[in-house]
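Read-outs: derived from the displayed coordinates by stated rules, not from any lab. The model shown is predicted, which means the values in this text are computed figures rather than measured ones. Note that we place each Cβ from the backbone using ideal geometry, even for glycine, and neighbour counts take in every protein chain shown.
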Amino acid sequence: MTEENEFPTKENENGEEPVTENITVETFDAELSATESPTLNYDAETAERVRKLAMPESRFDETSEVLLSIRNLQVYYKVGGGLFSAPKFVKAVDGVSLDIRKGETLGLVGESGCGKSTLGKAILRLTEPTGGQVYYNNRDLANLSQSAMRNERKNLQMIFQDPYASLNPRMNVGQIIGEPIRTFKISNGKSVDATVQNLMETVGMSRRFVKRYPHEFSGGQRQRIGIARALAVDPEFIVADEPISALDVSIQAQIMNLLEKLQTEKNLTYLFISHDLRAIRHLSDRVAVMYLGRIVELGNSKTVYRDPLMPYTKALISAVPVPDPEIEAKRERIILTGDVPSPINPPKGCHFHTRCPFAIAECKQIVPQLVEIKPKHFAACIRISPENPDIDENAKTGLGVIGN
Ligand SMILES: Nc1ncnc2c1ncn2[C@@H]1O[C@H](COP(=O)(O)OP(=O)(O)O)[C@@H](O)[C@H]1O
Ligand code: SF4
Ligand SMILES: [Mg+2]
């Protein structure tokens, strides 16, 4: 029995089709391997999805409307420091600039501890930024007063990794989803109940569970409650922070599918945070790769997966298993040496130089800037440039160093 079956769903209760169950783990994996294994035999429906996924062009380009402009955002956490020792700082987000376009899913990927959650929370001011700006509707969220920011939060919501920790255990489902509706005075009285029940159906839950408590549900169902709560205020932008990482593999595809469906129906814009490259590729239009507080690569998701520029991104992608034994056997895997350095005292210059197989002396001094290396494809590495974008070639010839 899968965890999703612990309680009857809408389908087995009244015989209707479930809202979200039109993708299986197998097709999910098949889709994810589309670009690496074009020879797999798919059924017609999967083949069509794969064809769409393999299309190189993005739904978004530089003419698309920008919803959020993040500029040089910084979050420094103070750690330690006492009577006799100076405080130290974790530069969790260290000068991030990004545009998020209306209706897109921007995937944010990177190893654990690189600052993904902090960036997501800082955009919504759930963590206070140390510096920088977040422009939304011609206002800088990073510098709004607390009360003005509370009003904005109606438009900007977050879905968390651990739905159990983020739901109040003493409130039932109706109260959990109804709370933001009342707080933001979206409706009142009996109409709150109707709105709650509609939201439950929207996320694929039976409305008869409205009086139940979070502990009575499976992980997947709890995440649906978290999503319904985020949707309750009819937001424009959602930060989804590892929304599937705590879930059983068989449930992950269902929640991803639900997020996709909701995006289409409600024209939502997502910042989708995950350390799981397969999930990022499945859901994202563009992808931003983060390393120790900085964005090191940014581009159309399919382009980044097919043709990563940064040694770090190449290593991350090479570690994703391909569900085709022949391809898997032939694949070259780049193993990163060394641990992720401490963010309290990160390596100078390019943060990645302690683990990078292409590092040269200059990498220890120069902080690489995010440069458009190929059209709409950005990378922060001093050994690649628009003229010499291939780091493997540059390593052979010694090319690519700024000033050479
Ligand atoms: N409240 C905090 N105080 C001090 N350090 C923190 C705090 N929150 C996160 N950090 C540190 O900031 C860095 C980035 O954390 P986080 O944003 O959670 O990374 P990720 O989501 O990519 O795993 C980590 O080194 C983490 O230990
Ligand atoms: S700047 Fe240097 S250390 Fe950083 S990714 Fe490029 S080659 Fe590697
Ligand atoms: Mg995190």
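Can you give me the Cα centroid spacing of region 187-240 and region 267-310 in angstrom?
Taking the Cα centre of each part, region 187-240 and region 267-310 sit 28 Å apart.
Would you mind checking the radius of gyration and Dmax of region 294-404 based on alpha-carbon positions, in Å?
Rg then Dmax for region 294-404, in Å: 14.4, 45.
Given region 240-348, what percent of its DSSP beta bridges are antiparallel, to the nearest 5?
Details: 6 of 8 bridges.
For region 240-348, the DSSP antiparallel bridge percentage is about 75.
Rounded to the nearest 0.05, what FRET efficiency do GLU111 and GLN175 give with R0 = 41 Å and r taken as the Cβ-Cβ distance? Could you check?
On the way: r = 37 Å, r/R0 = 0.91.
About 0.65, to the nearest 0.05.
Looking at region 307-365, which GluC sites (Glu not before Pro) are in a loop (DSSP not H, G, I, E or B) and have at most 11 other Cβ atoms within 10 Å?
GLU332
Can you pull out the chymotrypsin sites (Phe, Trp or Tyr not before Pro) in region 314-386 whose DSSP state is coil and whose Cβ has at most 10 other Cβ atoms within 10 Å? Mind showing how you got there, number by number?
On the way: sites: PHE352, PHE358, PHE378; in loops: PHE358.
Answer by residue number: there is no such site.
Pop the C-beta distance of LYS364 and ASN168 into the FRET formula with R0 = 60 Å and round what comes out to the nearest 0.05. Spell out each step's value before the answer.
Numbers: r = 48 Å, r/R0 = 0.81.
Working from the Cβ atoms, E equals 0.80.
Among PHE160, VAL134, GLN175, pick out the residue whose Cα is farthest towards the positive end of the charge dipole of region 123-247, where Lys and Arg carry +1 and Asp and Glu carry -1 on C-beta, about the Cα centre.
Of the listed residues, the answer is GLN175.
What ranking do SER166, SER250 get, fewest neighbouring Cβ atoms within 10 angstrom at the top?
Working: SER166 19, SER250 14.
With the sparsest Cβ surroundings first, the list reads SER250, SER166.
By its C-alpha gyration tensor, with a ≥ b ≥ c as the square roots of the eigenvalues, how is region 154-243 shaped: rounded for a/c under 1.5, else prolate for a/b larger than b/c, else oblate? Intermediate values should be presented prior to the final figure.
Values: a/c = 1.64, a/b = 1.08, b/c = 1.51.
Taking the square roots of the gyration eigenvalues as a ≥ b ≥ c, region 154-243 is oblate.
If r is the Cβ-Cβ distance from SER187 to SER64 and R0 is 30 Å, what FRET efficiency results, to the nearest 0.05? Mind showing how you got there, number by number?
Working: r = 32 Å, r/R0 = 1.08.
So the FRET efficiency works out to roughly 0.40.
May I ask you to work out the translational diffusion coefficient for region 146-190 at 4 °C, viscosity 1.567 mPa s, via Stokes-Einstein with Rh from the Kirkwood sum over Cα pairs, reported in whole µm²/s? Please list the in-between numbers first.
On the way: Rh = 12.1 Å.
So the translational diffusion coefficient is about 107 µm²/s.
Out of every Cα-Cα pair in region 344-400, what percent are more than 20 Å apart? If you can, show how the numbers build up before the last one.
Values: 355 of 1596 pairs.
Summing the P(r) tail past 20 Å for region 344-400 gives 22 percent.
Could you tell me which of rounded, prolate or oblate describes region 78-209, using a ≥ b ≥ c as the square roots of the eigenvalues of the alpha-carbon gyration tensor, with rounded for a/c under 1.5 and, failing that, prolate when a/b is larger than b/c and oblate otherwise? Walk me through the numbers before you get to the answer.
Details: a/c = 2.01, a/b = 1.77, b/c = 1.13.
It comes out prolate by the Cα gyration axes.
For region 207-289, report the % of Cα-Cα distances exceeding 19 Å. Could you put the intermediate results ahead of the total?
Numbers: 1299 of 3403 pairs.
The calculated P(r) of region 207-289 puts 38 percent of pairs beyond 19 Å.
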